[in-house]
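A.B. asks: Here it is: the structure, laid out below.
The values are calculated or read from the model by the stated rules, or taken from the named source; none is laboratory data. Computed from a prediction, not measured in an experiment: that's the story for all the values here. Cβ coordinates were reconstructed from backbone atoms using ideal geometry, including for glycine residues, and neighbour counts include every protein chain displayed. Side chains included, ligands, DNA and RNA excluded: accessible areas come from the protein's heavy atoms. Shrake-Rupley method; radii C 1.70, N 1.55, O 1.52, S 1.80 Å.
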Amino acid sequence: MCRVLAYVGPEIPCASLLLSPENSLVNQTLDPEMHPLLQLAGWGFGAWSEHLLEPEEPLRYRRPMAAFYDDNAEGIIPSLQASTLLAHVRAAAYDAGTVLVDENCHPFSFGGTPFIMAQNGSLPRWQLLQRELLAHCDDEFLEQMRGTTDTEFLYVLLLSLLEGDGDDEVQRGFEEMLRVIGRAMERLDLTALTKLKVALVARNRIIGVNYGLGHDGEAHPAGDWRELGEAEPGTDDHSLSMLLEPMYVMTGRNFEEYERSYDVDVTSADEATSAIFASEPLTESRDDWSEIEFGQMVRLERVGEGISMTVTELDT
């Protein structure tokens with residue numbers, strides 16, 4: 001199970017987000033908090049900073065190895081700071097069919113858009129679904145595709161469906177993407193559980209989406225994710241649990257004062273100066289985290305010194 005972490009707020013050392021905490025994203029590849037599978041198939045991050053020579057563009061780093069084996073991490077990351085960051089550790093099947101190359105590591109970044117993207121999820125049999133989905137993809141983005149992952153293809157599809165960069169237009173793009181995927185699955189008789197937990201990030205903006213399709217292609221599958229999660233890994237119920245479980249947001253102030261943890265002085269969004277969007281709660285108190293339920297989209301934006309947060313229901 002992949003892990004996603006996004007941050008927006010005042011410039012802070014990237015090490016505070018990626019290396020220093022005991023349960024840092026790098027450490028989660030070896031010692032995951034919530035799920036038993038190790039994330040061994042690569043990792044990466046994209047970061048914006050006013051101290052870069054091109055502050056409008058993300059510095060992007062990706063390597064096709066387990067993050068805790070990356071000998072460059074402790075040499076590069078302590079020299080960086082960021083006001084917006086998206087990081088990801090990649091889980092994949094434990095077999096020789098997994099392609100371990102830079103091009104398959106998240107986050108993905110194309111020209112012609114302000115957004116980079118990472119996700120925790122999967123689009124089953126996406127290579128076959130392309131027979132229907134390619135008709136919705138723009139050449140501008142298809143020509144930039146370099147890897148062999150479903151996430152990069154979903155990035156192409158989403159960007160092609162966007163009619164603009166505004167929050168409402170992005171929400172409509174996500175809604176249309178799920179409808180297009182559902183129709184393609186029906187036409188090709190390839191219906192399957194589809195988990196799409198996406199972080200779409202631009203400078204000073206995070207858009208997080210938690211949605212997908214159930215085993216029968218339904219956009220609103222029923223069930224309690226906690227109860228379903230008690231089933232054996234690999235069963236339909238356990239897979240449905242992972243689909244339905246929340247994503248998480250924490251907002252607060254003074255993140256820079258807690259160098260070796262993900263703690264902040266927790267506040268409501270309207271009093272916050274920073275926010276974290278993540279696959280799981282990263283501090284001991286789960287009460288500090290707002291849950292982004294299945295079927296919801298969260299928008300986080302840095303406005304001046306503050307944070308704007310909006311949660312909406314997706315029309316799927």
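A.B. asks: Using 0.36 nm times the number of residues separating D224 and S268, minus their current alpha carbon distance, what extension gain do you get?
C.D. replies: Result for the pair: 13.1 nm of gain on full extension.
A.B. asks: Now for a separate question. Sort D287, D71, D102 by heavy-atom solvent-accessible area, probe 1.4 angstrom, most to least. Display every interim value, and only then the final one.
C.D. replies: Values: D287 145, D71 120, D102 70 Å².
The residues order as D287, D71, D102, largest area first.
A.B. asks: I need the calculated FRET efficiency for the pair L188 and D315, taking r as the beta carbon distance and R₀ as 25 Å, to the nearest 0.05.
C.D. replies: 0.55
A.B. asks: Moving on to the next point. Label D165 and E74 with points 7 Å out from Cα along Cα→Cβ: what is the distance between them in nm?
C.D. replies: In this crude label model, D165 to E74 measures out at 3.9 nm.
A.B. asks: Can you check what the Kirkwood hydrodynamic radius comes to for the range 259-316, Cα pairs only, in Å to one decimal?
C.D. replies: Mean inverse Cα-Cα distance, inverted, gives 12.7 Å.
A.B. asks: Given only helices, namely DSSP H runs of n ≥ 4 each adding -39500 (n - 2.57), what is the per-residue ellipticity at 222 nm of the chain, to the nearest 500 deg cm²/dmol?
C.D. replies: After summing the helix terms and dividing by residue count, I get -6000 deg cm²/dmol.
A.B. asks: Given a 1.4 Å probe and every protein chain left where it sits, what share in percent of the accessible area of the chain is carbon and sulfur?
C.D. replies: For the chain, the apolar C and S fraction of the accessible surface comes to 44 percent.
A.B. asks: Go through I181, I76 and list them by solvent-accessible area, largest first, probe radius 1.4 Å.
C.D. replies: Ranking I181, I76 by accessible area, largest first, yields I76, I181.
A.B. asks: Separate question: With an 8 Å cut-off on Cα pairs and a minimum separation of 6 or more residues, tell me the relative contact order of the chain in percent.
C.D. replies: 19 percent
A.B. asks: Would you mind working out the accessible area per residue for the chain, using a 1.4 Å probe, and quoting it in Å²?
C.D. replies: Working: 13590 Å² over 316 residues.
That works out to 43 Å² per residue.
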